[in-house]
1. Of all residues in the range 125-160, count the ones that are of a type in the set (F, W, Y) and within 15 Å of the ligand (Cβ to nearest atom).
2. In the range 402-425, which residue that is of a type in the set (S, T, N, Q) and surrounded by fewer than 24 Cβ atoms within 10 Å (Cβ to Cβ) is modelled with the highest pLDDT?
3. Within the range 372-390, can one find any residue that is over 27 Å from T254 (Cα atoms), of a type in the set (V, I, T) and out of contact with any strand residue (DSSP E or B) (no Cβ under 7 Å at 6 or more places or on another chain)?
4. Identify, please: which residue in the range 1-39 is closer than 22 Å to E79 by Cβ and part of a loop (DSSP other than H, G, I, E, B) and is, among those, most open to solvent (accessible area, probe 1.4 Å)?
5. Hey, any hits in the range 297-310 for a residue that's within 17 Å of the chain's Cα centre (by Cα), closer than 30 Å to A222 by Cβ and within 16 Å of the ligand (Cβ to nearest atom)?
6. Pick out the one residue from D352, D367 that is surrounded by fewer than 19 Cβ atoms within 10 Å (Cβ to Cβ) and free of Cβ contacts under 8 Å to residues at least 24 places away in the same chain.
7. Keeping to the range 100-131, report how many residues are touching a helix residue (DSSP H, G or I) at 6+ places or on another chain (Cβ under 7 Å), open to solvent by 10 Å² or more (accessible area, probe 1.4 Å) and either among the polar types (S, T, N, Q) or not assigned by TED's automatic domain parsing to the domain that holds A52 (or both).
8. Taking R25, is it within 22 Å of the chain's Cα centre (by Cα) and farther than 21 Å from R319 by Cβ?
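The values are calculated or read from the model by the stated rules, or taken from the named source; none is laboratory data. Note that the structure is a prediction, hence the values are computed from the model and not measured. So basically every Cβ, Gly included, is an ideal-geometry build from the backbone, and we count neighbours across all protein chains shown. When the accessible area is computed, the model is the full protein with side chains, heavy atoms only, and any ligands, DNA or RNA have been set aside. Shrake-Rupley method; radii C 1.70, N 1.55, O 1.52, S 1.80 Å.
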Amino acid sequence: MTDLEKFSPGVRRYIEAARRGQEDRDRYVREMVKKWKFDTIAVHGLYSVQEAIEKNQGAVIEPIFMSSSQAWRDADEMEAAFQYLIPGWAYSRIANPSTSYLEGTLALLETYGTDVEATCCATSSGMSAIFSATEPLLAIEPQQTGPWNFVSSCQIYGGTYMLFKIRHPQMGAECRWVADPTDMDEWKARIDNNTSFLFGELPSNPQQSFLDIKAVADLAHAHNIPLIIDSTIATPALLRPFAHGADIVVHSVTKTMTSSGFGIAGAVIAKKGMYYKSVPYEGQADYASFIKLLPNRDFGPNLSPFHAVLTLNDLRTLRSKIDYLSRNAQRVAEFLHDHPKVEKVMYLGLPDNPMHKLASRDMWLVDSEYDDVYRKRVNRYGHLLSFCVKGGHQPARRVLNALGRIMRATDLGRIKSLANIPAISTHQQQGEESREEAGIPDNLIRLCVGAEHPDDIIADLDQALAKA
Ligand SMILES: *Cc1c(COP(=O)(O)O)cnc(C)c1O
């Protein structure tokens, strides 16, 4: 009996047609898309000429399917779709064609230049992506008695900190913190038989810490568990954690990827074939599709199609934008570094940053060697930096208040320069003690450098620093 014989002839016909469609798509990816450079993938993703003409009335831009659900030809098609045997989308809480265009593009960009195959689940926010990626890893029974634990760098986004510190423990899983994510002995000391996954963020928001992905991934794999990396700040234009052994990459797509700032979005991109002890059996072959079609169908955090297309539009120019923004940030960091009112600057692009060497090993502008302007590989370090104002919290507040053009906002990744004081905003809930451990003093200003002319950004900072 072939695997299809258990279905009625009508259902079988749909499944066979779907398999042929999948083969065509796989061939298109293998023979065309995988041979393109990063920019071409960012511009087109999986949206082919054929798809535009045959399915979308020739629309050159991926259409926004503003429809809650999909209608079916007959009962057989409906039955096949709801068993996930054919690539329908059914209902926009589960899937939607516009969202799939974004997911396909993100999976391709994150695996660019590697032989890793990955899939993506887009979500309604970065936090829902981190929740979606981690919750299933705490859901099955551990092999050993006792509850799950997981090990995370403590230098992570404030919202992730609260998820790990408060929410996951409410479900019975303990978070164990690593204070210095470059210290491999610290990671080793926290792991035991009930550890479910390792988690790191790099470069971290706001203090710009870094870690050796390859070393931490090797450690995770030696314990038969996955490594999750929050790569929001770097984006695949500067760093692709899969190339260094990570298993799952999460993003606040809200940030640099959607630099226009039109809304909130997130993504989980996961390697295919994660046969680790904490991965639920149904999720081992294709974890991101699993969370999309099963847990997230039930939790309901998937992204709206409208937002998916807005994000897709921003992504098309990601590489050149990150290059420009990073160069701006480098100039601003150098200006701040030499300013008498500034105690210290945290930016990975500064040679005196303790993580500069490690970051320079892994953070490159993708395809710069094929760029007419560079013709060689060039390091870029992103557009987020932080600096501490001499004299403590009050002078830092005065500098923030005196900014004229740079907006005071907790956001980051924007095409517009934005600044905030994390100790009174993004990282306020986690308390002074844990901020101290994570390296976030109350005179630290986080600055996300935008695409304005750098002279204008520097002039605004200069006049504000004069009021410290
Ligand atoms: C903002 C942010 C998040 C959370 O993403 P939202 O889209 O705000 O939910 C997670 N990680 C990092 C590094 C972030 O900067």
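1. The qualifying residues number 2.
2. Out of the qualifying residues, it is N420.
3. Yes: the range 372-390 contains one or more residues that are over 27 Å from T254 (Cα atoms), of a type in the set (V, I, T) and out of contact with any strand residue (DSSP E or B) (no Cβ under 7 Å at 6 or more places or on another chain).
4. So the first thing to find is which residues in the range 1-39 are closer than 22 Å to E79 by Cβ, and the list is 1-22.
Subset that is part of a loop (DSSP other than H, G, I, E, B): 1-8.
Details: M1: 178, T2: 77, D3: 88, L4: 17, E5: 95, K6: 144, F7: 31, S8: 53 Å².
The selected residue is M1.
5. no
6. Going through D352, D367 in turn, just one is surrounded by fewer than 19 Cβ atoms within 10 Å (Cβ to Cβ) and free of Cβ contacts under 8 Å to residues at least 24 places away in the same chain: D352.
7. Residues flagged as touching a helix residue (DSSP H, G or I) at 6+ places or on another chain (Cβ under 7 Å), open to solvent by 10 Å² or more (accessible area, probe 1.4 Å) and either among the polar types (S, T, N, Q) or not assigned by TED's automatic domain parsing to the domain that holds A52 (or both) within the range 100-131 amount to 2.
8. Considered against the rule, which asks whether it is within 22 Å of the chain's Cα centre (by Cα) and farther than 21 Å from R319 by Cβ, R25 comes out as no.
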